[in-house]
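Asker: Sharing a structure, written as structure tokens. Questions coming.
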Amino acid sequence: MASVLIPAAYLAVLVIALLIFGRIYRKREAASRRLEPWFPAHHERDVYVSLLQCNPPAHDGLIKAALVRRAVADVHRIFRLREDKVALSNLLQRGSISDDLWTSFLAAEKELEAEILEVVTEAETFKQGWGNLIFQTAAEIVQNEKLREGMNKVFHSRPQLEAKYGVTKRIVPTITINAPPNMNGAAPTTPTTTVSSKTLQQSLPVPAPSTKSEPTVVSPPPATSAVPGSGKKSKKRNSGRSMAPLTHPSIKDGWFREISPQWPGQAMTLKVKRILHVEKSLYQDVLVFESETYGNVLILDGVIQCTERDEFSYQEMIAHLPLASHPNPKKVLVIGGGDGGVVREVLRHESVEEVVLCDIDEAVIRVSKQYLPHMSELLDSSRVRVFVGDGFKFLAENTSTYDVIITDSSDPVGPAESLFQKPYFQLLHDALAPGGTISTQGECLWIHLPLIKNTNTMVKEIFPNVEYAFTTIPTYPSGQIGFCIASKDAERDLRTPLRKVSPTRYYNEDVHRAAFVLPEFGKRALETGEMILPVLGGVAPSDVQSKKILLLGSGFVARPCAEYVARNPANSLTIACRTLASSVKLGEAEFPSASEKARIVSGLRWIGLLSSTEKVTVRGSNLLDTLCARLETLMAYEEGERDLVMLQHKFTVEWTKEDGSVDEEVITSTLEMYGTPGGHSAMAVTVGVPCGIATQLVLDGVINQTGVLAPYSKELCDPLIELLEKEGLGMVEARI
């Protein structure tokens, strides 16, 4: 026995030693192996740096040209990274590439991001605003190069084609190209350019690459339109190819619909002539369309921001109310307002020496320059400095600096919600110079009176002098919008202008004074807290006790349930959501086997969870809504599609006749429910509404049994069925 065990033990020790040695060798080999750089040496950058260090100094024109060539090289690298990222992501999910290769790619991505920021910074040293244009110019040059390559291929293959098809007459091909915007953002003077085999006079317009991500941008199809400010019609452009018309979910049957829970039960609609621009920026949905009667309209996240017809009312009042009542405003900060309208009005005050515009979304600034030039044209003024970034951070870094700060924010939902909270107003206070004044968008008296009351009360805890004013504007909810005006100077009369402002279309000295004269319902609400507006719709009787309901979850199924429960004004509904912290545990889960783990993890990566390639975009601050958002993208309906839920029971009824024979009849009971495009899905309705009905029956005492009610009894089902049929969820019987 010992003679067998000794060789076996020796063999086992040898195998273990080989395994340990092999593992150590592979680790050392991996550590010593270095992947080649993702990109070759950046010669264009080296040339630019060398020119900067020349003695005597190189000519500015030569240095600028070298910087443009450097940007062109960066655009080539951006295109390559985009292509590589798609391929590598797929390979990584399949486990076909090593982590080292993916790490190398991520390092190259960060290196390129730093390079782009450096180029933009260098461009700004030559001329303010050039940093926003240099990569657009570089992208146009790259597109030109690709066009030339394509034309060269055509010329090189021409002899073979002529010989093959017997063509003897040589025809010089021409290509018609849309002229891009000029460097200052204005419309081109020549609408089309002919490119022959020997000349290339214009370049194709290409969106400038982003340094952070790749927002979806859709350019408008060629069409006849008026050029704002020109007084002329632009000629119809021929792109040489047909393009599908742009679409947007908020535009149906030629009408834009502004429907929002912020103003329930009402909506604003505008007739659309054509859609000009559709884009998903890093922060919001951006839409621009030409309307029938209000000119070009800018929409952010489905809400009207400004129209060419009435924008001046809002821009003039939010700017001139604080500025005209300030004795000597010199430095002004505008938070938001990327369309440039507020900046335009601020510059009407001769005492203003500097205006800083801080907007977090560069897409708003870029799109406004293209489609709302009458509002954004002064953003290139020598007195204006544009900063793209977080307003909170900017305020924190610039304390006791500005005489007037204007917050041109959207409504208090999503990212803009923080602009209506106390920490933000404290930052505004701290960023003001002594005696400084703020002006912020203050919502609508007709719709948001409780919010206005709470905001004014909160601002009075920070500022010694607070007023509320309003203006009228047709395309804002209820045709009215307000402003919260506050000053560090307790003695300043904010209601009285100290100087005349011109030229204006809405604002004047009398309108300034009148803006602070509120209707009685608004005055009482702000002064005493008394609400005298009539309350219509569902109103709980005074003798009915309020009932509290807790709804766990906020997904699509929960929403129809919540809507049904909220119909009863006596119900106080609280919705509780799971936090994203719980998703961390998902990565720590144990799996029954390696193959099962690979199958589950690959599926989770497909829907965007546990992915090392990108960060998921959070929706609703909870895991369920975030997951739904990913699935909506991966399994999105096509235009006009909707889901279908069909539930059918089949019964066979048998009975014995008098003669002893057996007869039977087949009865079906069918529920058929279709989802609403843009609304609730059929699945959400068929699950959520019965939950809401059952909840209300419990609250009303119709269902009063305790414990788990299963299986269902007839007494339990009858009231449920009755209410379900009223909601259109009844079963239809048929005999076969």
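The values are calculated or read from the model by the stated rules, or taken from the named source; none is laboratory data. Worth saying up front: this structure is predicted, and the values here are computed from it rather than measured. As a convention, Cβ positions derive from the backbone with ideal geometry for all residues, glycine included, and neighbour counts pool all protein chains shown. Side chains included, ligands, DNA and RNA excluded: accessible areas come from the protein's heavy atoms. Shrake-Rupley method; radii C 1.70, N 1.55, O 1.52, S 1.80 Å.
Asker: Can you tell me which residue in the stretch 643-683 is nearest to residue 561 (Cα to Cα), limited to those that are charged (D, E, K, R) and either in a strand (DSSP E or B) or in contact with a Pro (Cβ under 8 Å, 6 or more places away or on another chain) (or both)?
Answerer: Selected residue: 672.
Asker: Can you name the condition, by its number, that residue 403 falls short on among (1) out of contact with any strand residue (DSSP E or B) (no Cβ under 6 Å at 6 or more places or on another chain); (2) within 30 Å of residue 304 (Cα to Cα)?
Answerer: (1)
Asker: Residue under question is residue 272, and the condition is that it be at pLDDT 95 or above, surrounded by 19 or more Cβ atoms within 10 Å (Cβ to Cβ) and touching a Cys at 6+ places or on another chain (Cβ under 8 Å); does it hold? Outline the logic, then answer.
Answerer: Numbers: at pLDDT 95 or above: yes; surrounded by 19 or more Cβ atoms within 10 Å (Cβ to Cβ): yes; touching a Cys at 6+ places or on another chain (Cβ under 8 Å): no.
No; evaluated as a whole, the condition is false for this residue.
Asker: Among the aliphatic types (A, V, I, L, M) and within 30 Å of residue 266 (Cβ to Cβ) - does that describe any residue in the stretch 499-514?
Answerer: For the stretch 499-514, residues among the aliphatic types (A, V, I, L, M) and within 30 Å of residue 266 (Cβ to Cβ): present.
Asker: If you check residue 669 against the conditions, is it within 30 Å of residue 248 (Cβ to Cβ), in contact with an Asp or Glu (Cβ under 8 Å, 6 or more places away or on another chain) and polar (S, T, N, Q)?
Answerer: Numbers: within 30 Å of residue 248 (Cβ to Cβ): no; in contact with an Asp or Glu (Cβ under 8 Å, 6 or more places away or on another chain): yes; polar (S, T, N, Q): yes.
Judged against the criteria, residue 669 is not a match.
Asker: Surrounded by fewer than 23 Cβ atoms within 10 Å (Cβ to Cβ), of a type outside the set (Val, Ile, Thr) and either more than 19 Å from residue 504 (Cα to Cα) or free of Cβ contacts under 8 Å to residues at least 40 places away in the same chain (or both) - does that describe any residue in the stretch 312-324?
Answerer: We begin by selecting, within the stretch 312-324, every residue surrounded by fewer than 23 Cβ atoms within 10 Å (Cβ to Cβ); these are 312-313, 324.
Filter once more, keeping what is of a type outside the set (Val, Ile, Thr): 312-313, 324.
If we keep only those that are either more than 19 Å from residue 504 (Cα to Cα) or free of Cβ contacts under 8 Å to residues at least 40 places away in the same chain (or both) too, we end up with none.
Within the stretch 312-324 (the criterion being surrounded by fewer than 23 Cβ atoms within 10 Å (Cβ to Cβ), of a type outside the set (Val, Ile, Thr) and either more than 19 Å from residue 504 (Cα to Cα) or free of Cβ contacts under 8 Å to residues at least 40 places away in the same chain (or both)), the answer is no, since none of the residues qualifies.
Asker: Of (1) outside any helix (DSSP H, G or I); (2) touching a Ser or Thr at 6+ places or on another chain (Cβ under 7 Å), residue 352 satisfies all except one. Which?
Answerer: Looking at each condition in turn, residue 352 falls short on (2).
Asker: Out of the stretch 638-696, which residues are free of Cβ contacts under 8 Å to residues at least 24 places away in the same chain and of a type in the set (Asp, Glu)?
Answerer: 638, 654, 658, 659, 663, 664
Asker: Next question. Identify, by number, the condition in (1) among the small types (Gly, Ala, Ser); (2) modelled with pLDDT of 95 or more; (3) open to solvent by less than 20 Å² (accessible area, probe 1.4 Å) that residue 389 doesn't meet.
Answerer: Tallying (1) among the small types (Gly, Ala, Ser); (2) modelled with pLDDT of 95 or more; (3) open to solvent by less than 20 Å² (accessible area, probe 1.4 Å), residue 389 fails exactly one: (2).
Asker: Further question: If I ask for residues that are of a type in the set (A, V, I, L, M) and either free of Cβ contacts under 8 Å to residues at least 12 places away in the same chain or farther than 26 Å from residue 617 by Cβ (or both), which ones from the stretch 417-431 would you list?
Answerer: Correct list: 427, 428, 431.
Asker: What number goes with the only condition from (1) over 30 Å from residue 264 (Cα atoms); (2) surrounded by fewer than 17 Cβ atoms within 10 Å (Cβ to Cβ) that residue 427 does not pass?
Answerer: (2)
Asker: Could I ask something else about it? Regarding the stretch 365-380, can at least one residue be identified that is assigned to a loop (DSSP other than H, G, I, E, B), out of contact with any strand residue (DSSP E or B) (no Cβ under 6 Å at 6 or more places or on another chain), open to solvent by 10 Å² or more (accessible area, probe 1.4 Å) and not basic (Lys, Arg)?
Answerer: Scanning the stretch 365-380, I find no residue that is assigned to a loop (DSSP other than H, G, I, E, B), out of contact with any strand residue (DSSP E or B) (no Cβ under 6 Å at 6 or more places or on another chain), open to solvent by 10 Å² or more (accessible area, probe 1.4 Å) and not basic (Lys, Arg), so the answer is no.
Asker: Evaluate the following for residue 709: is it open to solvent by less than 40 Å² (accessible area, probe 1.4 Å), without any contact (Cβ under 8 Å) to a residue 40 or more places away in the chain and either polar (S, T, N, Q) or closer than 23 Å to residue 565 by Cα (or both)? Before you say what the answer is, go through the steps one by one.
Answerer: Details: open to solvent by less than 40 Å² (accessible area, probe 1.4 Å): no; without any contact (Cβ under 8 Å) to a residue 40 or more places away in the chain: yes; either polar (S, T, N, Q) or closer than 23 Å to residue 565 by Cα (or both): yes.
So residue 709 does not fit the description; no.
Asker: Name the one entry in 483, 420, 463 that is touching a helix residue (DSSP H, G or I) at 6+ places or on another chain (Cβ under 8 Å) and open to solvent by 20 Å² or more (accessible area, probe 1.4 Å).
Answerer: Selected residue: 420, the only one of 483, 420, 463 that is touching a helix residue (DSSP H, G or I) at 6+ places or on another chain (Cβ under 8 Å) and open to solvent by 20 Å² or more (accessible area, probe 1.4 Å).
So that you can scan it fast, the table gives a plain yes or no per residue for (1) under 30 Å from residue 468 (Cα atoms); (2) part of a strand (DSSP E or B); (3) modelled with pLDDT under 95:
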position	(1), (2), (3)
278	no, yes, yes
288	no, yes, no
294	yes, no, no
306	yes, yes, no
316	yes, no, no
319	yes, no, no
327	yes, no, no
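Asker: Look at residue 404 and say whether it is part of a helix (DSSP H, G or I), open to solvent by less than 70 Å² (accessible area, probe 1.4 Å) and touching a residue at least 60 places away in the same chain (Cβ under 8 Å).
Answerer: Criteria not met by residue 404.
Asker: Inspect all residues belonging to the stretch 664-677 and state whether any of them is more than 30 Å from residue 86 (Cα to Cα) and at pLDDT below 80.
Answerer: Scanning the stretch 664-677, I find at least one residue that is more than 30 Å from residue 86 (Cα to Cα) and at pLDDT below 80, so the answer is yes.
Asker: Just one of (1) out of contact with any Pro (no Cβ under 7 Å at 6 or more places or on another chain); (2) modelled with pLDDT of 90 or more; (3) in a loop (DSSP other than H, G, I, E, B) trips up residue 536, so point out which.
Answerer: With respect to (1) out of contact with any Pro (no Cβ under 7 Å at 6 or more places or on another chain); (2) modelled with pLDDT of 90 or more; (3) in a loop (DSSP other than H, G, I, E, B), residue 536 is out only on (2).
Asker: Looking only at the stretch 398-414, filter to residues that are at pLDDT 90 or above and under 26 Å from the mean Cα position of the chain (by Cα); which one of those is farthest from residue 332 (Cα to Cα)?
Answerer: Restricting attention to the stretch 398-414, the residues satisfying the condition of being at pLDDT 90 or above are 398-408.
Cutting the leftovers down to under 26 Å from the mean Cα position of the chain (by Cα) gives us 405-408.
Values: 405: 6, 406: 8, 407: 11, 408: 13 Å.
This residue is 408.
Asker: On the given criteria, is residue 529 open to solvent by less than 40 Å² (accessible area, probe 1.4 Å), more than 26 Å from residue 473 (Cβ to Cβ), in a loop (DSSP other than H, G, I, E, B) and at pLDDT 85 or above? It would help to see each step written out before you state the result.
Answerer: Details: open to solvent by less than 40 Å² (accessible area, probe 1.4 Å): yes; more than 26 Å from residue 473 (Cβ to Cβ): yes; in a loop (DSSP other than H, G, I, E, B): yes; at pLDDT 85 or above: yes.
Yes: the conditions hold for residue 529.
Asker: Residue by residue through the stretch 261-285, note down the ones that are in contact (Cβ under 8 Å) with a residue 60 or more places away in the chain and within 17 Å of the chain's Cα centre (by Cα).
Answerer: Passing the criteria: 277, 278, 279, 280, 281, 282, 283, 284.
Asker: Of the numbered conditions (1) surrounded by 14 or more Cβ atoms within 10 Å (Cβ to Cβ); (2) under 41 Å from the mean Cα position of the chain (by Cα), residue 726 satisfies every one except a single condition; which is it?
Answerer: If we test residue 726 against (1) surrounded by 14 or more Cβ atoms within 10 Å (Cβ to Cβ); (2) under 41 Å from the mean Cα position of the chain (by Cα), just (1) comes out false.
Asker: Something else now. For residues that are β-branched (Val, Ile, Thr) and open to solvent by less than 30 Å² (accessible area, probe 1.4 Å), scanning just the stretch 667-679, find the one that is nearest to the chain's Cα centre (by Cα).
Answerer: Out of the qualifying residues, it is 670.
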